[in-house]
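Participant: Pasting in a structure now, in structure tokens, and then I'll have a few things to ask.
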Amino acid sequence: MSNGSSISISDQSDHSVLNTSNLVINLSVVIWTICLSLITVLANLGTIIAFWKVKGLREKPSNLLILSLAVNDLFRGLIIIPYHMSSSIVGGHWIFGELGCKFYDAMAYASVTNGLLILCTISLDRLLLVKLQYPKCIKFQSKPRILLAISICWILSLAAAIIDIGFWEYAKSTSLIAAYINFDFVCLSPTRWIPEVSLIFLFTFLFTPVFLVAVFSLAFLHALHLRLQKIKRVGPEDESTVASASGPMTSGKRLQRSRNRYLKPAMTLGALVTAMCISVLPYISYVVVVGVICPICLKPIIAYYLVLLLYCTSLFDALMYGITESKLRKFYISCFKRLTERR
């Protein structure tokens, strides 16, 4: 995820990924990136506080996946996006040297990989929700299993960062970095300027999770269609496992409750997958397709903006989840009312 990623070593002669002569463009990028970082931090911090304050959000173990995604997105807004923004502040030059580049690239890989793996786990969780009978699904989605899945996602993302650092050490041992990279001007990870390694990283830590999200999501849509058809044909599912605070319900309410049991998670998954498609797919398409067909056609400035768009996932996730999750939406509304009442 280096600034101006996937560019060749020869591109250092044109090291500025932004137009240094156009102050208006640079200033616009700086303002936009600062706003993106601040809103991302506030939105995801709000999600984390909501989980702390609202007991209903913590009762369902699978919601811990959303909490984990919010923590990852908060980290990206606090650390990764400001690092990425630094190039636009100084006209496209990298100012943190080799050590700063190593830290930024490793953390960016870890953050992006973790976000995609958690989304992959969420899509699998939703698939199991409609594949299994509801009582079985509740038992299967236990808190220890969810925590284990979250731990695996974080461990794999940490492994991506460690592997990235490993390639740095290999490049240093072969004097490739000292010979070719000037870190006073540009941040180029070995996983970016070695074409074969770059493609392996992209396919392993970006393309594969996105592909699994697509597979699980499509399987979920098919299973959801079958489940809703069964509810319509056979009638509401067994309600014995879920107590009703309002007492006995009519058949119409029971039918609607059975449908909402699957439709609400479907809305959340759909919103998160939409956010991924908007922000992640353009970067993957550009780097993989253009990089394979015409490597010399890759432009640092295009990669810079596509990486920035990829980081927008952290904001989109928080906004989409806030819109589709009623408990979180009510929490935000109550907070807004308290602020207006104080004034």
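The values are calculated or read from the model by the stated rules, or taken from the named source; none is laboratory data. None of these values were measured; they are calculated from a predicted model. Cβ placement follows ideal geometry from the backbone for every residue including glycine, while neighbour counts extend to all protein chains displayed. Remember, those area values only see protein heavy atoms, side chains included, never the ligands or the DNA or RNA. Shrake-Rupley method; radii C 1.70, N 1.55, O 1.52, S 1.80 Å.
Participant: Give me the number: length gained by fully extending L319 to L99, i.e. 0.36 nm times residue separation minus the C-alpha to C-alpha distance, one decimal in nm.
Facilitator: Between L319 and L99, full extension yields an extra 75.8 nm.
Participant: If you roll a 1.4 Å probe over the stretch 265-321 with all protein chains in place, what percent of the accessible area is carbon or sulfur? Spell out each step's value before the answer.
Facilitator: Values: 1790 of 2100 Å².
Accessible surface attributable to carbon and sulfur in the stretch 265-321 totals 85 percent.
Participant: Could you work out how much longer the chain between K143 and M267 gets when fully extended? Use 0.36 nm per residue separation minus the Cα distance between them, nm to one decimal.
Facilitator: On the way: separation 124, 0.36 × 124 = 44.64 nm, distance 2.25 nm.
Roughly 42.4 nm would be gained on extension.
Participant: Distance from the Cα centre of the stretch 201-221 to that of the stretch 28-49, in angstrom?
Facilitator: 27 Å
Participant: Still on this structure: Give a residue-ordered list of calculated ³J(HN,Hα) values for the stretch 269-283 (Karplus: 6.51 cos²θ - 1.76 cosθ + 1.60, θ = phi - 60°; whole Hz; x for Gly, Pro).
Facilitator: Whole-Hz 3J(HN,Hα) from phi for the stretch 269-283: 4, x, 5, 5, 5, 4, 4, 5, 4, 5, 9, 8, 4, x, 5.
Participant: Take peptides 296-302, 64-70, 270-276 and line them up by average Cβ neighbours within 10 Å, highest first, as a rough protection proxy.
Facilitator: Packing order, densest peptide first, comes out as 64-70, 270-276, 296-302.
Participant: Hey, could you pull the Cα Rg and Dmax for the stretch 260-343, both in Å?
Facilitator: That works out to 18.5, 59 Å for Rg and Dmax.
Participant: Right, another one. Got a sec to turn the phi values of the stretch 39-50 into Karplus ³J(HN,Hα) couplings, 6.51 cos²θ - 1.76 cosθ + 1.60 with θ = phi - 60°, whole Hz, x for Gly and Pro?
Facilitator: Using θ = phi - 60°, the values come out as 5, 4, 4, 5, 5, 6, 5, x, 5, 5, 5, 4 Hz.
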